[in-house]
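In what follows, a single structure is set out as structure tokens and then discussed.
We did not get these values from a lab; they are worked out from the coordinates using the rules stated. Note that the coordinates shown come from a computational prediction; the quantities given were computed from them, not determined experimentally. Using ideal geometry, Cβ is built from the backbone for each residue, glycine included, and neighbour counts are taken over all protein chains shown.
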Amino acid sequence: MHTFFKKGWFLLLIMGIFLLSGCPALVVGGAAVSAGTGTYMYINGELKTDYSYSFDKTWNACEKAISDMHGVDVIPYKEIGKGTIDAIIDGEKVRFYVTYKSNNLTTIGIRVGVLGNQLASQRLHDKVNGHLLKK
């Protein structure tokens, strides 16, 4: 029985190393968001989540978040049901991907920098979420 516990701890240690290493094969989720579905996916440098709001409302929240962060060289490109907003924030290139999924469900993906920055992307999602929660 003592060996079982050693193997269990070893397995937990290995799993922890994979989680902390940022292995792209793993999907990191579970962050609570009251406006979104509650799950973030960080894949290939882009942090995505769904928001239970219309496309136009989430688009406006993205624009306000960029303004809050003093974004410059802002280039919005909006089509029916999807669009991107490029900006420079804190000296980094940022791209917001906004995609219509259904009547009150919109996906926002955020990439900061060339390779992506999960912490900075999360900070921008928090700003967007704050604007969506305002009545």
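Descriptive notes on the structure:
- One residue alone among TYR100, TYR77 is touching a Gly at 6+ places or on another chain (Cβ under 9 Å) and surrounded by fewer than 15 Cβ atoms within 10 Å (Cβ to Cβ), and that residue is TYR77.
- Selection from segment 103-113 of residues that are in a loop (DSSP other than H, G, I, E, B) and over 15 Å from ILE85 (Cα atoms): ASN103, ASN104
- Filtering segment 35-51 to residues that are part of a loop (DSSP other than H, G, I, E, B), in contact (Cβ under 8 Å) with a residue 24 or more places away in the chain and either in contact with a Phe, Trp or Tyr (Cβ under 6 Å, 6 or more places away or on another chain) or surrounded by fewer than 16 Cβ atoms within 10 Å (Cβ to Cβ) (or both) leaves ALA35, ASN44.
- Given (1) in contact (Cβ under 8 Å) with a residue 40 or more places away in the chain; (2) in contact with a strand residue (DSSP E or B) (Cβ under 7 Å, 6 or more places away or on another chain); (3) over 21 Å from GLY45 (Cα atoms), index of the condition VAL72 fails: (1)
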